[in-house]
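> Here you go, one structure.
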């Protein structure tokens, strides 16, 4: 995907993806930080550092996914994040 690439999810997919408000998984070294619950479908925009997720209805930022999280986020933040629901 290019930095301007966009992916969309349905409201149901967004809800299941966002059940864990924030998490870190060492599998892929990814941190997800939820900002707020979406009201409908979610649109993701790829950035050099990860993804920004936006609520398609409101345009509000609902979360960010950070790649190489253990290298770019403070160690204390990564350590404080729980594993994703159902694993890792």
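> Subtracting the Cα-Cα distance from 0.36 nm times the residue separation, let me have the gained length for residue 21 to residue 35 in nm, one decimal.
4.2 nm
> Provide 62, 72 in ascending order of the number of other Cβ atoms located within 10 Å of each residue's Cβ, fewest first.
72, 62
> Between residue 57 and residue 80, take the C-beta separation as r, use R0 = 35 Å, and let me know the FRET efficiency to the nearest 0.05.
0.70
A short reminder: the numbers here are calculations on the coordinates, not readings from a lab. Note that the structure is a prediction, hence the values are computed from the model and not measured. Quick reminder, even Gly has a Cβ in these numbers, built from the backbone with ideal geometry, and neighbours come from all protein chains shown.
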